[in-house]
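Q: Handing you this structure, nothing more for now.
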Amino acid sequence: MCNTENHTSIIEQNNQHRRSFLKLTTASILGLGLTPLGNVHATSGVMKSPPLPENVLTPEAALERLMKGNERYVSGQSIPLNFSDERLDLMRGQNPYACVLSCSDSRVSPEFCFDEQRGDLFVARVAGNYLTTDFIATLEYSAAVLHTPLIMVLGHENCGAVKAAIDATDNNEQFPGHIQSIATALTPAVRAVQKKPDYVAANRYYEIVKMNVILTVRELRKQPPILSSLVDNGKLKVAGGVYQLETGKVRLVA
Ligand SMILES: [Zn+2]
């Protein structure tokens, strides 16, 4: 009983610490005039005040927070989750500070690997983290309606979808059902790596994972009419990372 109470108390302290820290960080950013308040909820009319004020960030501060969360995860310092803390706040709406387009692989979990909670990340997942019209629409909704200042495209080592694309390219392998569409969608990354002047066959698999992220980031940055405009106006940043299975570290590649 005593241990349970102590554990609960530690969790409460950690959650308070997390939110206090983030609120302080946001306050200091606001103090520096770096947060474009008009970027949040000014035009949508959906939210007069954001449910999570600490999520009101510049694109650069959003990326910094995301990567700091990954550092905590890598070092085993993830903050224990408390599912009751923001329930009432989140009933009013949502203002996630980052959107993540991730592979569906069960070993890569965006909320875990960036040490975040409900309300913080707007997550879209598909095997191979590639773009379709539906995914672009999802990302546009997050950026334009929820005013999320950051999109992170997250690939990972040993991605099965990338391996399928390699097998389809090298051996003309055909996959059953609709799986072939994944291999087809990732083929441009396979071809782009083979054309690189510094191509090293031994690193091919990882390089294609990386290239797939880079090509997706490029496509999102120039995607009209919504995303390209937000990027050009400095209201949205599109970054790309590759998750390392052994360490849990996300390495920025774009
Ligand atoms: Zn994958």
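The values are calculated or read from the model by the stated rules, or taken from the named source; none is laboratory data. Computed from a prediction, not measured in an experiment: that's the story for all the values here. Here the Cβ positions follow ideal geometry from the backbone for every residue, glycine too, while neighbour counts run over all protein chains shown.
Q: Select from segment 56-103 the residues that are among the small types (Gly, Ala, Ser) and under 23 Å from residue 137 (Cα atoms) and write down the one among them that is surrounded by the most Cβ atoms within 10 Å (Cβ to Cβ).
A: Ranking the qualifying residues of segment 56-103, first place goes to 98.
Q: Follow-up question, since we're still on this one. Kindly establish whether residue 198 is surrounded by fewer than 22 Cβ atoms within 10 Å (Cβ to Cβ), within 16 Å of the ligand (Cβ to nearest atom) and outside any helix (DSSP H, G or I).
A: Judged against the criteria, residue 198 is not a match.
Q: In addition: Is one or more of the residues making up segment 166-173 away from the ligand (no atom under 12 Å from the Cβ), farther than 16 Å from residue 189 by Cβ and surrounded by 21 or more Cβ atoms within 10 Å (Cβ to Cβ)?
A: no
Q: Got at least one residue in segment 78-95 being assigned to a loop (DSSP other than H, G, I, E, B), without any contact (Cβ under 8 Å) to a residue 24 or more places away in the chain and within 16 Å of the chain's Cα centre (by Cα)?
A: no
Q: For segment 211-245, which residues satisfy the criterion of being of a type in the set (Lys, Arg) and closer than 17 Å to residue 100 by Cβ?
A: Answer for segment 211-245, where residues must be of a type in the set (Lys, Arg) and closer than 17 Å to residue 100 by Cβ: 221, 237.
Q: Any residue in segment 125-142 that's within 16 Å of the ligand (Cβ to nearest atom): show its pairings with residues that are among the acidic types (Asp, Glu) at Cβ separation under 7 Å, as long as the two are six or more apart or on different chains.
A: Hits for this filter: 131/219.
Q: Only one of (1) in contact with a strand residue (DSSP E or B) (Cβ under 7 Å, 6 or more places away or on another chain); (2) over 28 Å from residue 63 (Cβ atoms); (3) of a type outside the set (Ser, Thr, Tyr) fails for residue 173. Which number is that?
A: (1)
Q: Can you tell me which residue in segment 143-153 is farthest from the ligand (Cβ to nearest atom), limited to those that are crowded, with 24+ Cβ neighbours inside 10 Å and not in a helix (DSSP H, G or I)? Quick ask: steps written out before the conclusion?
A: Kept after step one, since they are crowded, with 24+ Cβ neighbours inside 10 Å, are these residues of segment 143-153: 143, 147-153.
After this cut, where a residue has to be not in a helix (DSSP H, G or I) as well, the list is 147-153.
On the way: 147: 29, 148: 23, 149: 26, 150: 21, 151: 18, 152: 15, 153: 12 Å.
In this case the residue turns out to be 147.
Q: Show the residue pairs meeting these rules: Cβ distance below 9 Å; 6+ apart or different chains; first residue within segment 147-166 and assigned by TED's automatic domain parsing to the domain that holds residue 214 and at positive phi; second residue of a type in the set (Phe, Trp, Tyr) and away from the ligand (no atom under 11 Å from the Cβ).
A: 158/205; 158/206
Q: For segment 68-107, name all the residues that are among the basic types (Lys, Arg), more than 16 Å from the ligand (Cβ to nearest atom) and under 24 Å from residue 239 (Cα atoms).
A: 68, 72
Q: OK, next. It is to be established whether one or more residues within segment 48-69 are among the acidic types (Asp, Glu) and either modelled with pLDDT under 95 or within 26 Å of residue 133 (Cα to Cα) (or both).
A: No - not one qualifying residue is present in segment 48-69.
Q: Restricting the search to segment 108-122, which residues are crowded, with 16+ Cβ neighbours inside 10 Å, within 16 Å of the ligand (Cβ to nearest atom) and either assigned to a loop (DSSP other than H, G, I, E, B) or not hydrophobic (A, V, I, L, M, F, W, C) (or both)?
A: Of everything in segment 108-122, those that are crowded, with 16+ Cβ neighbours inside 10 Å, within 16 Å of the ligand (Cβ to nearest atom) and either assigned to a loop (DSSP other than H, G, I, E, B) or not hydrophobic (A, V, I, L, M, F, W, C) (or both) turn out to be 108, 110.
Q: Name the residue, out of 137, 144, 124, 168, that is at pLDDT 95 or above, over 17 Å from the mean Cα position of the chain (by Cα) and of a type in the set (Gly, Ala, Ser).
A: Exactly one of 137, 144, 124, 168 is at pLDDT 95 or above, over 17 Å from the mean Cα position of the chain (by Cα) and of a type in the set (Gly, Ala, Ser), namely 168.
Q: Further question on the same structure: Just checking, does segment 218-227 include any residue being within 20 Å of residue 124 (Cβ to Cβ), basic (Lys, Arg) and not in a helix (DSSP H, G or I)?
A: yes
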